[in-house]
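Peer 1: Below you'll find the structure I mean.
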Amino acid sequence: MTLEDQVRDALDDLALRVPPRAGLADAVLREARRRRAKVRLATAGGTLVAVAAGTAFVVADPLGSGGPDLGTVGPAAGPEADGAPDEAPDQGPAGPATVTLDTGGLAEGARPDVPWYADGALHSGDTEVPFDGDFSGFRALSQVAGGFVVLFVESGIDNTDGNQLALISGDGQRTVLDEGAIYDVAVSGDGTLIAWGAHDWSTHGPGDGPGRTLLRVADARTGDIVYEREQTGADGSVGVAKGFLGDGRVVLDRATNAPGGILLWDPAAGTVTPWTDYGFTTSVAPSGDLAVLTPPNEAADTTPGVVDTVTGETLWTMPPDHFAGPQAFSPDGRHLALIAAPGLPSAEEFEEAARTAAEVEEQLDVPRSIVVLDARSGEPVLTVADTGPGNITWESDDSFVFDVWDEATADHSVVRCSLDGRCELAAPTGRIVWHETL
């Protein structure tokens, strides 16, 4: 099976099998159906990852290991005639900034200091660990205390029951943690614990969910299982691990499209308890004190909210046409990076278009920008305008990387920006291989 075949199969699998979610996942998955006819794509946890010149770029950094210094990078809003100035100009009072990228004019910086995969190896900064196998794509890739944790889709499997979760040590040794219908993995803020749920669809519970789920927590340094719990019957669908709270409890979604709220698993106490009436977990801050939560699909208002997980208070709701990804929070939890896509059709509009075979391709081609906000107040900090970003991941408390698409030229770039608006290339601009008939 060629790489193109593997990527196509993975994308078909994810687009058709992953349950819809209100918000970004709906838009991304359905846009993938359009893009897959033109470009090679891989997927990771519901986000698009370009395969450029044989490289699948996948990012997630729960350790917040700290990105490269951007002190020598010029402002993104305009190139310097003779390089960077000797002394930074006085910026005046701090306030929200807006920059517009010209990727062709950006200097090339260090490679991403977050996990990524290329040419048979896992990378993070200067770290390189061999990783070979017959797989069609990643659902999750994170750096942990013992190396990397990888949730990937085995080739030739036509549904998500073929996932394998593995711990890859620094010398490339693979420890298989679990296999089967595993849809997500959570890593504790210090990178020492890994949580997940494996769903058994041989029986069905309420809401057409799985009738049994096995919850597990493993030591990220050894792969040893330290906690385990079985969910059955009415609770059989509970177990999509979304993140750790600061006190060690694990945030759990249900593996259905009609959830009965979000729950918390206390592995030490052996309990699973209801937490909030929100329907889905979009992102949990590495510190566990904040989360972006989305109401159930049937709610009158499906606007996601930023929630203080300690008090349960909804601090603010996201602006219209703004979407959060799974790595939206900075490592220190102070900032939230969103994609602003004004005019992007809603999940309901996509569903209606699919039912009526309506053409929505033109509606997908809307401007997209990155908007960084104060996580607790929602006040804007930075806008990187009209970048067409696909995936955003924080490298450090004050810098993030994201991929940029130019469909007119088929160019793909990976860019790093700091909160002061300075940007550079984190990977050379490459030409996507176009496929008109996939």
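The values are calculated or read from the model by the stated rules, or taken from the named source; none is laboratory data. Keep in mind that this is a model prediction, so the values were computed, not measured. Glycine gets a Cβ as well: all are built from the backbone with ideal geometry, and neighbour counts include every protein chain shown.
Peer 1: What tally of residues in segment 92-126 results from selecting those that are part of a strand (DSSP E or B) and touching a residue at least 40 places away in the same chain (Cβ under 8 Å)?
Peer 2: 10
Peer 1: Inside segment 128-169, can you point out the residues that are assigned to a strand (DSSP E or B) and among the acidic types (Asp, Glu)?
Peer 2: Within segment 128-169, 128, 154 qualify.
Peer 1: Residues in segment 329-349: is at least one closer than 17 Å to residue 251 by Cα, at pLDDT 95 or above and part of a strand (DSSP E or B)?
Peer 2: Taking every residue of segment 329-349 in turn, at least one turns out to be closer than 17 Å to residue 251 by Cα, at pLDDT 95 or above and part of a strand (DSSP E or B).
Peer 1: If I filter segment 179-194 for residues that are farther than 27 Å from residue 276 by Cα and in contact with a helix residue (DSSP H, G or I) (Cβ under 7 Å, 6 or more places away or on another chain), do I get at least one hit?
Peer 2: yes
Peer 1: Here are some residues: 176, 217, 226. Which one is at pLDDT 95 or above, on the phi < 0 side of the Ramachandran plot, crowded, with 23+ Cβ neighbours inside 10 Å and of a type in the set (Val, Ile, Thr)?
Peer 2: Just a single option satisfies the conditions, and that option is 217.
Peer 1: Tell me whether segment 366-376 contains one or more residues that are at pLDDT below 80 and closer than 23 Å to residue 304 by Cβ.
Peer 2: Yes, because at least one residue in segment 366-376 is at pLDDT below 80 and closer than 23 Å to residue 304 by Cβ.
Peer 1: I'm trying to understand the selection: among the residues of segment 265-294, which are over 21 Å from the mean Cα position of the chain (by Cα) and assigned to a strand (DSSP E or B)?
Peer 2: Residues satisfying the conditions are 265, 266, 271, 272, 273, 274, 275, 276.
Each row is one residue, and each column tells you yes or no for (1) more than 25 Å from residue 114 (Cα to Cα); (2) among the β-branched types (Val, Ile, Thr); (3) assigned to a loop (DSSP other than H, G, I, E, B).
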{"residue": "171", "(1), (2), (3)": "no, no, yes"}
{"residue": "189", "(1), (2), (3)": "no, no, yes"}
{"residue": "198", "(1), (2), (3)": "yes, no, no"}
{"residue": "203", "(1), (2), (3)": "yes, yes, no"}
{"residue": "211", "(1), (2), (3)": "yes, no, no"}
{"residue": "218", "(1), (2), (3)": "no, no, no"}
{"residue": "222", "(1), (2), (3)": "no, yes, yes"}
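Peer 1: Within segment 374-422, how many residues turn out to be in a strand (DSSP E or B) and closer than 25 Å to residue 343 by Cβ?
Peer 2: 21
Peer 1: Further question: If we keep just the residues of segment 229-264 that are small (Gly, Ala, Ser) and in a strand (DSSP E or B), which is surrounded by the most Cβ atoms within 10 Å (Cβ to Cβ)?
Peer 2: That would be 239.
Peer 1: Can you confirm whether residue 273 is more than 21 Å from residue 298 (Cβ to Cβ), in contact with an Asp or Glu (Cβ under 9 Å, 6 or more places away or on another chain), crowded, with 18+ Cβ neighbours inside 10 Å and polar (S, T, N, Q)?
Peer 2: no
Peer 1: Restricting attention to segment 300-318, and to residues there that are over 19 Å from the mean Cα position of the chain (by Cα), in a loop (DSSP other than H, G, I, E, B) and in contact (Cβ under 8 Å) with a residue 24 or more places away in the chain, which single residue is surrounded by the most Cβ atoms within 10 Å (Cβ to Cβ)?
Peer 2: Residue satisfying both the conditions and the ranking: 309.
Residue-wise test of (1) in contact with a strand residue (DSSP E or B) (Cβ under 9 Å, 6 or more places away or on another chain); (2) over 21 Å from residue 430 (Cα atoms); (3) modelled with pLDDT under 85; (4) of a type in the set (Gly, Ala, Ser).
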position	(1), (2), (3), (4)
71	yes, yes, yes, yes
77	yes, yes, yes, yes
81	no, yes, yes, yes
88	no, yes, yes, yes
107	yes, no, no, yes
110	yes, no, no, yes
118	yes, no, yes, yes
124	yes, no, no, yes
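Peer 1: Restricting attention to segment 134-142, does a residue exist that is touching a strand residue (DSSP E or B) at 6+ places or on another chain (Cβ under 7 Å), closer than 20 Å to residue 286 by Cβ and among the hydroxyl-bearing types (Ser, Thr, Tyr)?
Peer 2: Looking for residues that are touching a strand residue (DSSP E or B) at 6+ places or on another chain (Cβ under 7 Å), closer than 20 Å to residue 286 by Cβ and among the hydroxyl-bearing types (Ser, Thr, Tyr), one finds at least one in segment 134-142, hence yes.
Peer 1: Taking segment 395-438 as the search range and keeping residues that are buried (at least 18 other Cβ atoms within 10 Å of the Cβ), more than 16 Å from residue 109 (Cβ to Cβ) and in contact with a Gly (Cβ under 9 Å, 6 or more places away or on another chain), which one is modelled with the lowest pLDDT?
Peer 2: Among those residues, the one meeting the criterion is 405.
Peer 1: Find all pairs meeting these conditions: Cβ atoms under 6 angstrom apart; at least six residues apart or on different chains; first residue within segment 250-268 and touching a residue at least 60 places away in the same chain (Cβ under 8 Å); second residue assigned to a loop (DSSP other than H, G, I, E, B) and buried (at least 20 other Cβ atoms within 10 Å of the Cβ).
Peer 2: Filtered contacts from segment 250-268: 255/209; 255/237; 256/209; 256/237.
Peer 1: Criterion first (acidic (Asp, Glu), surrounded by fewer than 21 Cβ atoms within 10 Å (Cβ to Cβ) and at pLDDT 95 or above) does residue 200 satisfy it?
Peer 2: In short, no.
Peer 1: Under 8 Å by Cβ, and 6 or more places apart or on different chains, what pairs join a residue from segment 281-297 that is within 20 Å of residue 190 (Cα to Cα) with one that is of a type in the set (Asp, Glu) and assigned to a strand (DSSP E or B)?
Peer 2: Note: pairs meeting the criteria are 289/308; 290/308.
Peer 1: Does residue 228 meet the test of being free of Cβ contacts under 8 Å to residues at least 24 places away in the same chain, closer than 26 Å to residue 374 by Cβ and touching a strand residue (DSSP E or B) at 6+ places or on another chain (Cβ under 8 Å)?
Peer 2: Considered against the rule, which asks whether it is free of Cβ contacts under 8 Å to residues at least 24 places away in the same chain, closer than 26 Å to residue 374 by Cβ and touching a strand residue (DSSP E or B) at 6+ places or on another chain (Cβ under 8 Å), residue 228 comes out as no.
Peer 1: Name the pairs whose Cβ atoms lie under 9 Å apart, with the first residue in segment 166-181 and in contact (Cβ under 8 Å) with a residue 40 or more places away in the chain and hydrophobic (A, V, I, L, M, F, W, C), the second loosely packed, with under 15 Cβ neighbours inside 10 Å and in a strand (DSSP E or B), and 6 or more positions between them or separate chains?
Peer 2: Sorted first by the residue in segment 166-181, then by its partner, the pairs are 167/176; 168/130; 177/225.
Peer 1: Given the conditions (1) modelled with pLDDT of 85 or more; (2) touching a helix residue (DSSP H, G or I) at 6+ places or on another chain (Cβ under 9 Å); (3) farther than 21 Å from residue 109 by Cα, and given that residue 359 satisfies all but one, which numbered condition is not satisfied?
Peer 2: Against the list (1) modelled with pLDDT of 85 or more; (2) touching a helix residue (DSSP H, G or I) at 6+ places or on another chain (Cβ under 9 Å); (3) farther than 21 Å from residue 109 by Cα, residue 359 comes up short only on (1).
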